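The values are calculated or read from the model by the stated rules, or taken from the named source; none is laboratory data. As the structure is a prediction and not an experimental result, all values here were calculated from the model. Note: ideal-geometry Cβ built from the backbone for every residue, glycine included; neighbour counts use all protein chains shown. For accessibility, only protein heavy atoms count, side chains too; no ligands or nucleic acids. Shrake-Rupley method; radii C 1.70, N 1.55, O 1.52, S 1.80 Å.
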Amino acid sequence: MAHFTKATSVHDWLNQRLGIDTVRRVMATEYWIPKNINFLWAMGMVLAITFALLLVSGIFLLMYYQPNVNTAFDSVNYTIMREVDFGWLWRHVHGVAASVVFLVIYIHMFTGIYYGSYKKGRELIWISGMLLFVTFSAEAFSGYMLPWGQMSYWAGMVITNLFSLGGLHADGLVEWIRGDYVPAQAFLNRFFMLHVLLLPLAIMGVIGLHFGALRIPHVNNQDGEELDFEAEAAKYKAGDKKHSKVIAFANDFMSKDMFVVGIFLIFFFYLVFFHYDFAMDPVNFDPADGLKTPEHIYPEWYFLWSYEILRPFSTNVGLMAFGFAQVIFFLLPFLDRSPNAVPASRRGLFFIWFWAMLIDMIVLTSMGKVPPIEPYGSIGFYAALTFIGLWIALPIITMLEKKA
Amino acid sequence: MKELFILAVVTVFTLVTYYLVEPFAHSVMHKHVESEHFAYADLPALTKTGDAARGKDLVMGAGACSDCHSISVAGMPARMDAVTSAQSYGVNPPDLSNVGVVYDAKFLAALIKNPAHALKVEHKYTPESGKEHPMAFFAGAGGDIDQEIADMVAYLQSIAVKQDKLTPKMAFETACGRCHAMKYENWTQIGEKPAFKMKKDELAFDIQVIDYQDALTKYMGKLPPDLSMYIRSRGEHYISTFVENPQHLLEGTAMPRVGVTAASADKVIEHLADAGDTKRFEREEVGKKVMIFIVIFALFSYLWKRSIWKDLH
């Protein structure tokens, strides 16, 4: 057993029992981050803050929301929006944050791809990040069911139908997922459970893994330079902060993060108060009606690109393409055969690949929302083929890449 | 500076994506109808100056309006209750007290002369259908029919409340409330639902509402939707242009052209916002304060960053 002495202060009392000085040193003051970074490196903190906003607003909404097909719509639109003090604020914060979090996730992902931050020991950072993308997607989808509006109902119908797996006709699986032949009470209850318990738990667990995966390989930097973190840290601790290539997580990195968070929050709260419609589809303000299919059914904007990979093909081919799109990003660290972990601008063909992928995904996103009439149907079809083609080309062009 | 360049790239791609999935996609999905400012240009202008006193005699007498319509301000009660009326006519005919202010004068005149035409529901009452609009058209009382109609309109305008006394709720009830319920404002097609002490009284009321709705469903083909959240599900522009001419946005719909004046349409929309967007003023107030707070937060965080990083560069 450790030796305890009479505490001289509260700090000392805690320190003897929890080792708070060590925790602080390991997690903050001597957690080394490269100095050569730009504001894109703050997206992790922006995501953490957005997740906190979702969690807190969600807790308040949970106090009034009723997961019942007869009362869910009114509990949101009447009770929360009209009766509860600032219920409207929590709902708008929750709805807008759910949309904006995906914008930041996509920026975070493309930052990682651009700077090659998934290579040389950082593979697990990428994979755990992709796991977060998937769990956030499930969380967003399950949450979208809860207001039990027209889009909740019909999006639930369409997405659960995917599990019939086309030509396999696995209708039993679809019924098992729904707990009924159509989305109804059992469906709403289980998606409520997933949204407020199982998926948030999974997300918090994977966030832990994501942070943990970062610890040993360290954060990448703007030039892909391999740093000797110990030597640079020694310089920093000796007081030569100017020439050290690393900074401490707190307060150095944190102060820059918080500035970026400040700018982000200006944008975020502008959307919450003055421009929330994009995140709260008008169609979902009609109560769910199983006898009235909306004229256009489309997912929220952040799912549109993968929806458009599903849609232009025949059922079975579309499902395979969709399955491909869901898993392929996980494999990025292994499909990129080049040893160069440097920014895309120094990687020749990969630089073209990066911008082609980004633009193709924006085209897919856009075509995924409009009805598949010409010319949009064809544009979507070729953009989906381009997406698949780019992934097939990736190992080849990265193998041809010269060592930088 | 490199960071600003990166920010510009991120912003441009974000805005392009936003443009494509919002304004662009919606322009493809939804037909855009321009407002005609409730001019009802297809209806003939009133050429005669009406006389309210003569109009009163026509409305109460030869015009036979009061056979079906109550006029509560003039002490004319309804001959039947709302449910029986709906069972007889399909929908309860409106009380005429405030129609003179809610509806456009040109529209009222056209309505008296040929209801199905003014309401733009002639597609429902074709000769083949064998159906006739439940409101009988006015064939004249022996004199100049245009003069007689102008007189009736003048009378209806003379008994109506003044424009500035017309509340959003009154406009909604007169123009929409006999077909559309509004649960969040406690409104049913037969009026506001009172608070009942006894459960069986409440049930009796609910049964009346259901009977009314059944008659209305038979008349319209489908029960007209509850409008509680329409301000969010359809938005101001859609509602305004739809009310102006439902056929533009939903060809063949059984919903009649409502015929409200531009000012009354604004009142109706205000009432929809009072039901479905009650916190809009609070939202703007709180929004401004939060923006000020967050800008100050960003400024302080910038100063903090500068003070920390001056040792690092």
Helices (runs of 4 or more DSSP H) enclosed by the range B:138-253 - at least 1 residues per element that are over 25 Å from residue B:101 (Cβ atoms) | B:199-220, B:230-233, B:235-244, B:246-249
In the range B:1-35, residue nearest to the other protein chains (Cβ to nearest Cβ) [restricted to those that are touching a Ser or Thr at 6+ places or on another chain (Cβ under 8 Å) and closer than 30 Å to residue B:264 by Cα] = B:33
Matching residues, the range A:342-372, being surrounded by 15 or more Cβ atoms within 10 Å (Cβ to Cβ), closer than 24 Å to residue A:119 by Cα, within 14 Å of chain B (Cβ to nearest Cβ) and among the small types (Gly, Ala, Ser) = A:344, A:356
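Do we have residue B:127 as under 21 Å from residue B:190 (Cα atoms), open to solvent by 20 Å² or more (accessible area, probe 1.4 Å) and in the same structural domain as residue B:246 (by TED's automatic domain parsing) here?
Here the answer is no, as residue B:127 does not meet what is asked.
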All conditions in (1) part of a helix (DSSP H, G or I); (2) under 30 Å from the mean Cα position of the chain (by Cα); (3) without any contact (Cβ under 8 Å) to a residue 12 or more places away in the chain; (4) farther than 20 Å from residue A:104 by Cα are true of residue A:262 except (4)
Which residue out of A:218, A:195 is open to solvent by less than 40 Å² (accessible area, probe 1.4 Å) and touching a Ser or Thr at 6+ places or on another chain (Cβ under 6 Å)?
-> A:195
Failed item in (1) touching a residue at least 12 places away in the same chain (Cβ under 8 Å); (2) more than 10 Å from every other protein chain (Cβ to nearest Cβ), with residue A:231 passing the rest = (1)
So residue B:287 fits all but one of (1) open to solvent by less than 10 Å² (accessible area, probe 1.4 Å); (2) farther than 28 Å from residue B:36 by Cβ; (3) touching a residue at least 24 places away in the same chain (Cβ under 8 Å); (4) not polar (S, T, N, Q); what number is the exception?
-> (3)
Hits in the range B:227-256 - residues which are open to solvent by less than 20 Å² (accessible area, probe 1.4 Å), touching a Pro at 6+ places or on another chain (Cβ under 8 Å) and over 23 Å from residue A:147 (Cα atoms) = B:246
Per the filter on the range A:233-282, residues over 30 Å from residue B:30 (Cβ atoms) and charged (D, E, K, R) are A:235, A:237, A:240, A:241, A:242, A:245, A:252, A:256, A:257
Please tell me if residue B:294 is surrounded by 17 or more Cβ atoms within 10 Å (Cβ to Cβ), among the aliphatic types (A, V, I, L, M), touching a helix residue (DSSP H, G or I) at 6+ places or on another chain (Cβ under 7 Å) and facing chain A (nearest Cβ under 8 Å).
-> yes
Does the range B:103-124 include one or more residues that are assigned to a helix (DSSP H, G or I) and in contact with a Ser or Thr (Cβ under 8 Å, 6 or more places away or on another chain)?
-> no
Inside the range A:52-95, can you point out the residues that are among the aromatic types (Phe, Trp, Tyr) and either in contact with a Gly (Cβ under 8 Å, 6 or more places away or on another chain) or within 14 Å of chain B (Cβ to nearest Cβ) (or both)?
-> A:60, A:64, A:73, A:78, A:86, A:88, A:90
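The rows are residues; the columns are (1) in the same structural domain as residue B:183 (by TED's automatic domain parsing); (2) touching a Leu at 6+ places or on another chain (Cβ under 9 Å).
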residue	(1), (2)
B:236	yes, yes
B:250	yes, no
B:267	yes, yes
B:274	yes, no
B:286	no, yes
B:295	no, no
B:299	no, no
Matching entry among B:64, B:105, B:45 (being farther than 27 Å from residue B:211 by Cβ, surrounded by fewer than 17 Cβ atoms within 10 Å (Cβ to Cβ) and more than 14 Å from chain A (Cβ to nearest Cβ)) | B:45
Go through the range A:265-276 and give me each residue that's free of Cβ contacts under 8 Å to residues at least 60 places away in the same chain and either open to solvent by less than 50 Å² (accessible area, probe 1.4 Å) or at the interface with chain B (Cβ under 8 Å from one of its Cβ atoms) (or both).
-> A:266, A:269, A:270, A:274
Checked A:252, A:289, A:240 against criteria (open to solvent by less than 70 Å² (accessible area, probe 1.4 Å), in contact (Cβ under 8 Å) with a residue 12 or more places away in the chain, within 12 Å of chain B (Cβ to nearest Cβ) and part of a loop (DSSP other than H, G, I, E, B)); the one match is A:289
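From the residues in the range A:158-171 that are assigned to a helix (DSSP H, G or I) and in contact with a Ser or Thr (Cβ under 9 Å, 6 or more places away or on another chain), which one is surrounded by the fewest Cβ atoms within 10 Å (Cβ to Cβ)?
In this case the residue turns out to be A:167.
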Got at least one residue in the range A:2-19 being touching a residue at least 24 places away in the same chain (Cβ under 8 Å) and open to solvent by 30 Å² or more (accessible area, probe 1.4 Å)?
-> no
When you look at residue A:99, is it open to solvent by less than 20 Å² (accessible area, probe 1.4 Å), assigned to a helix (DSSP H, G or I), over 23 Å from residue A:258 (Cα atoms) and in the same structural domain as residue A:159 (by TED's automatic domain parsing), yes or no?
-> no
Could you please let me know if residue B:306 is assigned by TED's automatic domain parsing to the domain that holds residue B:107 and of a type outside the set (Asp, Glu)?
-> no
Please verify whether the range A:110-119 includes one or more residues that are over 15 Å from residue A:299 (Cα atoms), open to solvent by 20 Å² or more (accessible area, probe 1.4 Å) and more than 22 Å from the chain's Cα centre (by Cα).
-> no
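Please find, among A:152, A:142, the residue that is open to solvent by less than 20 Å² (accessible area, probe 1.4 Å), polar (S, T, N, Q) and closer than 19 Å to residue A:101 by Cα.
From the options A:152, A:142, the qualifying one is A:142.
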